[in-house]
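Right, one structure below, let's go through it.
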């Protein structure tokens, strides 16, 4: 446990450095926004493309893996949704709380950290988790909030969802990488070196950006935020572990990567959705703040458990 904690500590130290820079106003919100854009559209996209270009579709997409992850997520999603509705909050608010319970920071934290801690072979399972989060659950939230506000789901929503996926650089870079992989051609040396150099900026840039963005988060609705943090950091990986190891018998290594990805704190893109639709953004920001702080311990514990360290 201590050895794993010491390995994860530098990643969270970078988040802490970003947070300190944001709190001291040395790194203002405008700078955080532009750094996030650089990571999102360039550095992380280069990393994802390079990973996908060196993997086959079979190494990323495993139907049993997908079913196991979706099953675990669905249980926790429905639990968080039910708890929220029992508190008599609106359906859109309940759905954003359910998002907090199952959507981890896989892109900015999981991809760079887990591929270092668990090895490059973790890339395939991590990309699968990221794709499911982006395609299934982000789309589900959009469907729920549209139906709740308009009273029905029109054919127009399909265009909106499709357009959103096509504009997401993480999805585009993974698909482009897989298309290149399908040609069975190696990446030209200059291109590979370019992508490697640009992708190397994703890890420090993403972690610093996470911390800097947390500096502007507020801790309102503490009790709800703590419940959602517990759901994300404890219940989510536990449900995924049961599904992967006992119900679907996923390959042991892939199951471990899946569980580690499920243990990640609430993703920043949940806040983006909450702010875009005007649904409980302060509640979501508090959940991100608490879950990220607590995950310093919980993520280390989960990785130590799955690696036997």
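Values for this structure:
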quantity	calculated
Test: residue in the stretch 250-258 that is in a loop (DSSP other than H, G, I, E, B), buried (at least 24 other Cβ atoms within 10 Å of the Cβ) and at pLDDT 95 or above	no
Any chance residue 48 is in a loop (DSSP other than H, G, I, E, B), in contact (Cβ under 8 Å) with a residue 12 or more places away in the chain and either out of contact with any helix residue (DSSP H, G or I) (no Cβ under 9 Å at 6 or more places or on another chain) or over 18 Å from residue 140 (Cα atoms) (or both)	no
Criterion: in a helix (DSSP H, G or I) and closer than 22 Å to residue 294 by Cβ - qualifying residue of 233, 264	233
Qualifying residue in the stretch 208-225 (condition: assigned to a helix (DSSP H, G or I), surrounded by fewer than 17 Cβ atoms within 10 Å (Cβ to Cβ), at pLDDT below 95 and more than 16 Å from the chain's Cα centre (by Cα))	yes
Filter result for residue 273 (in a helix (DSSP H, G or I), under 17 Å from residue 227 (Cβ atoms) and at pLDDT below 95)	no
Residues of the stretch 276-296 satisfying the condition of being over 13 Å from the mean Cα position of the chain (by Cα), touching a residue at least 60 places away in the same chain (Cβ under 8 Å) and not in a loop (DSSP other than H, G, I, E, B)	277, 282, 283, 284, 285, 286, 287, 289, 290, 294, 295, 296
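The values are calculated or read from the model by the stated rules, or taken from the named source; none is laboratory data. None of the values given here were measured: they were computed from a predicted structure. Ideal geometry is used to build each Cβ from the backbone, glycine not excepted, and the neighbour counts take in all protein chains shown.
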